[in-house]
Amino acid sequence: MLQTISIEGMEFYAYHGVMPQENQTGNRFTVDITVWTDFTLAAQTDTLEGTINYADLYQITAQAMQKPAKLLENLAYQIIQQIFERFPKAEKAKVTIYKHNPPVAGLARWSKITLKQKRSS
C-alpha cells in the first residue's frame with residue numbers, strides 16, 4: 001500500500017530563468033514535494049527505517065536550487081531524479097515550484113509548474 005510524505009513551503013533565493021536579468025538578480029522560489037512510498041514499517045516500528053526522511057528531501061532540493069537552470073520544468077525533473085536515486089522505495093514523486101514575482105508585463109504573485117512522475121521500471 002502506498003502512502004505519501006510531503007514537505008511544503010520550502011523557500012529559496014536562487015538564479016533560475018531564461019531572461020539574463022533573472023540570472024543576475026535572482027528571485028524567491030517556493031518548492032513543495034510529495035513522494036508516494038510504502039512506509040508501513042516505519043509506522044509500525046517508530047523508526048526512520050522504511051520511510052523517506054523529509055530532511056533528506058530538503059537537502060536534495062536545496063542542492064538542486066543552487067544550480068542555475070533556465071526552466072523550472074528541468075529543475076523539477078532533476079529533483080525527482082535525485083529522489084528516485086536516493087530512495088529506492090519511492091514509487092512516485094510530485095514537485096511544484098513557484099517563482100515569485102515572475103518577469104511579466106504586469107502584476108503576478110507567482111508562476112508555477114508541477115511535475116509528477118512515476119519511477120521507471
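The values are calculated or read from the model by the stated rules, or taken from the named source; none is laboratory data. The structure presented is a predicted model; accordingly, all values stated were derived computationally and were not measured. Here the Cβ is made from the backbone with ideal geometry for all residues, glycine too, and neighbour counts use every protein chain on show.
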Select, from PHE12, PHE39, PHE29, the only residue that is surrounded by fewer than 18 Cβ atoms within 10 Å (Cβ to Cβ) and modelled with pLDDT of 90 or more. PHE12
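Can you go through THR61, THR51 and tell me which one is in a helix (DSSP H, G or I), surrounded by 18 or more Cβ atoms within 10 Å (Cβ to Cβ) and hydroxyl-bearing (Ser, Thr, Tyr)?
Details: THR51 fails: in a helix (DSSP H, G or I).
Going through THR61, THR51 in turn, the sole match is THR61.
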Condition (residue is surrounded by fewer than 17 Cβ atoms within 10 Å (Cβ to Cβ), in contact with a His (Cβ under 8 Å, 6 or more places away or on another chain), in contact (Cβ under 8 Å) with a residue 40 or more places away in the chain and not small (Gly, Ala, Ser)) applied to the range 92-103: is it met by at least one residue? no
Would you check if there is a residue in the range 23-32 being over 16 Å from LEU115 (Cα atoms) and either among the aliphatic types (A, V, I, L, M) or part of a strand (DSSP E or B) (or both)? yes
Residue that is nearest to ILE97 (Cα to Cα) [pool: residues in the range 107-121 that are surrounded by 14 or more Cβ atoms within 10 Å (Cβ to Cβ) and among the basic types (Lys, Arg)]: LYS112
